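Working notes, structure below.
The values are calculated or read from the model by the stated rules, or taken from the named source; none is laboratory data. Not measured: the values here are computed from a predicted model. Heads up, the Cβs are rebuilt from the backbone with ideal geometry, glycines too, and the neighbour counts pull from every protein chain shown. Areas reflect the complete protein model, heavy atoms only, side chains present, ligands, DNA and RNA absent. Shrake-Rupley method; radii C 1.70, N 1.55, O 1.52, S 1.80 Å.
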Amino acid sequence: MPSNQKNTPMSIHSEIRKVTTHNLSEMKLRGEKIAMLTSYDYSMAKLVDEAGIDVILVGDSASNVMAGNETTLPITLNHMIYHGTSVVKATKRAMVVIDLPFGTYQSDSHKALVSAIRVMKETAADAIKIEGGAEIIESVHRILSAGIPIMGHLGLIPQSIHKFGTYAVRAKEEAEAEKLLKDAKLLEEAGCFAIVLEKIPAKVGKLVAEELKIPVIGIGAGSEVDGQVLVIHDMLGITQQFSPKFLRRYHNLATEIKGAVKNYINDVKLQDFPNEKEQY
Ligand code: KIV
C-alpha cells in the first residue's frame with residue numbers, strides 16, 4: 001500500500017463502478033466495514049460520493065436537518081422524492097437508499113408497494129428503507145415481490161417516537177432485545193438485503209450481526225456490527241444542539257460557516273467587497 005494511504009485504508013471495493021446489494025454482502029463476508037452517510041441534496045451528495053462512501057441514505061432525517069421539524073413524521077413522499085432525485089443525479093458510485101416516510105407503508109401493503117414504486121420510478125434510486133419488524137412484514141413481502149430491495153431499520157425507530165415517548169437507548173431489557181433479534185431474522189428471511197440498528201447496546205448489535213448473514217449497519221449500535229451510518233449534518237458539526245454519545249464530529253462546520261458569513265458581512269459593510277478585480 002502506498003505510504004500516503006496508510007491512515008486512510010482504501011475500500012476493497014474502491015474499484016467497483018457502482019455499489020450493489022451483492023457488493024455489500026461480499027463486504028460482510030470479507031469483514032470489510034460498510035461506510036454509510038446521509039445526504040439530501042445534489043452538492044453534498046456529489047462530495048460524499050466522490051470521497052468514496054459505500055452507501056448514501058436519503059434519510060427522512062431530512063425532516064429535521066433540512067426542514068427544521070422536531071420529528072421525522074411531517075416529511076412527505078413528494079419531499080423524499082425531491083431529495084432523492086437530487087442525490088441520485090449527483091451519485092456515480094455509491095448505492096442510494098431512500099427512506100419511505102411515515103404514513104406511506106404502515107397502513108396496508110398495497111399502499112406500501114405504490115409508495116416504493118413511486119420512489120424507485122421517480123428517483124432512480126437503488127433501494128428503499130423502512131422502519132419496523134413483524135408489524136410491517138406484509139408490506140416488506142409485497143415490496144420485495146416487486147423486485148425492490150429493502151433495507152430494514154430496527155431499534156430506535158424515529159417514526160414511532162410518539163409510541164416510545166423518548167429518544168433513549170432501546171433494547172436494554174431482555175424482552176425488547178429478544179424481539180429485536182426476532183424481527184431482524186424475520187426481515188432477513190423475507191429477503192431484506194441489510195438492516196440498520198439504531199441506538200441499542202453494543203452487545204445486542206454484536207449479537208444481531210453475528211446471527212444474520214445480511215449486513216447490519218449501526219448508528220449507536222457499537223463497533224461490532226458490519227458498518228456504520230451517521231447523519232452528515234451531525235458528523236460535519238453543522239447541527240449544534242444534537243450530541244448523543246454515539247456521534248463523532250469530524251468537523252465544526254457551524255463555526256466555520258458562521259465565521260465566513262461574518263467576514264462577508266464585514267467586507268460588504270466596509271465596502272471592501274467587491275474590489276476592483278471582482279467587478280466588470
Ligand atoms: O433518517 C435517517 O437519517 C436514518 C438514519 C439515522 C439511519 O434513518
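General observations
- C-alpha long axis of helix 253-269 to longest principal axis of the chain, angle in °: 30 degrees
- The chymotrypsin sites (Phe, Trp or Tyr not before Pro) of segment 114-212 that DSSP puts in a loop, and whose beta carbon has at most 16 other beta carbons within 10 Å, are Y167.
- Segment 14-85: GluC sites (Glu not before Pro) in DSSP coil with no more than 11 other Cβ atoms inside 10 Å: E15, E70
- Excluding ligands, DNA and RNA, the accessible surface per residue across the chain is 54 Å² with a 1.4 Å probe.
- The spacing between segment 213-266 and segment 117-170, judged by their C-alpha centroids, is 23 Å.
- Considering segment 21-249 at the alpha-carbon level, its Rg and Dmax are found to be 16.0, 44 Å.
- Angle in degrees between helix 77-90 and the longest Cα principal axis of the chain, rounded to the nearest 10: 60 degrees
- Contact order relative to length of the chain, as percent, for alpha carbon pairs under 8 angstrom and 6 or more apart: 14 percent
- Helical contribution to [θ] at 222 nm, DSSP H n ≥ 4, -39,500 (n - 2.57), averaged over the chain, rounded to 500: -12000 deg cm²/dmol
- DSSP-loop GluC sites (Glu not before Pro) across segment 157-216, with at most 10 other Cβ within 10 angstrom: E173
- Amide H contacts of I34 (H built 1.01 Å from N, in plane; Pro and chain starts excluded): G227, Q228 sit under 5 Å, all sequence-distant by 5 or more or on other chains.
- Across segment 33-135, Cα pairs under 8 Å and at least six residues apart give a relative contact order of 27 percent.
- Pairs from the table (K163/K213; K33/K245; K28/K121; K33/K163; K111/K206; K172/K206) lying more than 23 angstrom apart at Cα are K163/K213; K28/K121; K33/K163; K111/K206.
- Highest mobility in the GNM of the chain, judged by mean-square fluctuation with C-alpha springs under 10 Å and restricted to G218, G59, G31, is found for G31.
- The C-alpha atoms of the chain define a longest principal axis, and helix 202-211 lies at about 60 degrees to it.
- Segment 129-280: radius of gyration and largest Cα-Cα distance (Dmax), Å: 21.7, 70
- Exposure rule at most 14 other beta-carbon atoms within 10 Å, DSSP loop trypsin sites (Lys or Arg not before Pro): the chain longest free segment: 93-171
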